Amino acid sequence: MSKPKKYMGVFYAHGASESPISIEKNRKDLEQFLKKRFHKKLGIDSSPVIHVFSGRQEHRSTWRGDWEKWQKSIVSRKHATTGDVCYHMFIVPEERCGRATASILGHALSAGRKLFLWDRKGGKLKRVNGVQAVDADDWTSGFRVTT
């Protein structure tokens, strides 16, 4: 009897101004990129089942009117059936990000989660080790991830 595959939830921390079509295309591309990467590294049989969820999907499903509470809940939320965290990995597509994304990434870093900057052109993931305010008054792109 084969062992069940591990599940890996991935949070795609895209910009709020990105179009729904672009978000979905990039989400699918990221999911395929991660699957190929894990298959190459671990083999198909040992690779986790990967599901990438966009920030927009998460927002539509779980936001209830309190930004601070919502940002924290993304990192701390557990799966109702398994009790495992919903998101094992957080991936941001650009160095610059907005306030909400910066907060989510900060909570993920504090929780010891894996954070990466997705370098699409280079076909790489760069480990994120911090988030800095460049212009805290700029809510849409006033923060930068450091690798």
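Only the coordinates and a few stated rules stand behind these numbers; no lab work does. Only a predicted model underlies this, so the values are computations on that prediction, with no experimental measurement involved. Reconstructed Cβ throughout: ideal geometry from the backbone, glycine too, with neighbour counts over all protein chains shown.
Just a few scattered comments:
- Figure legend. Inter-residue proximity from region 69-82: first residues on the phi < 0 side of the Ramachandran plot, second residues surrounded by fewer than 12 Cβ atoms within 10 Å (Cβ to Cβ) and not in a helix (DSSP H, G or I), beta-carbon distance below 8 Å, spacing 6+ or different chains. Indicated pairs: TRP70/ARG64.
- Pairing each residue of region 20-39 that is assigned to a helix (DSSP H, G or I) with any residue that is of a type in the set (Gly, Ala, Ser), provided the two are 6+ apart or on different chains, yields C-beta distances under 6 Å for ILE23/SER54; ARG27/SER54; PHE38/SER47; HIS39/SER47.
- Among the residues listed as VAL75, VAL52, the single one being more than 19 Å from LEU125 (Cα to Cα) and within 13 Å of the chain's Cα centre (by Cα): VAL75
- Qualifying residue in region 102-113 (condition: touching a Phe, Trp or Tyr at 6+ places or on another chain (Cβ under 7 Å), touching a residue at least 24 places away in the same chain (Cβ under 8 Å) and in a strand (DSSP E or B)): no
- Residues within region 40-53 that are buried (at least 17 other Cβ atoms within 10 Å of the Cβ), assigned to a strand (DSSP E or B) and not β-branched (Val, Ile, Thr), tallied: 1
- Selection within region 78-97 - touching a strand residue (DSSP E or B) at 6+ places or on another chain (Cβ under 7 Å) and assigned to a loop (DSSP other than H, G, I, E, B): ASP84, CYS86, TYR87, HIS88, PRO93, GLU95
- VAL85 being more than 15 Å from TRP118 (Cβ to Cβ) and buried (at least 19 other Cβ atoms within 10 Å of the Cβ): no
- Yes/no for ILE91 being in contact (Cβ under 8 Å) with a residue 12 or more places away in the chain, closer than 25 Å to GLY122 by Cβ and in contact with a Lys or Arg (Cβ under 8 Å, 6 or more places away or on another chain): no
- Restricting ARG56, ARG60, ARG64 to those that are in a loop (DSSP other than H, G, I, E, B) and charged (D, E, K, R) reduces the list to ARG64.
- All positions within region 114-138 that are touching a residue at least 12 places away in the same chain (Cβ under 8 Å), exposed (fewer than 13 other Cβ atoms within 10 Å of the Cβ) and part of a strand (DSSP E or B): ARG127, GLY130, GLN132, ALA133
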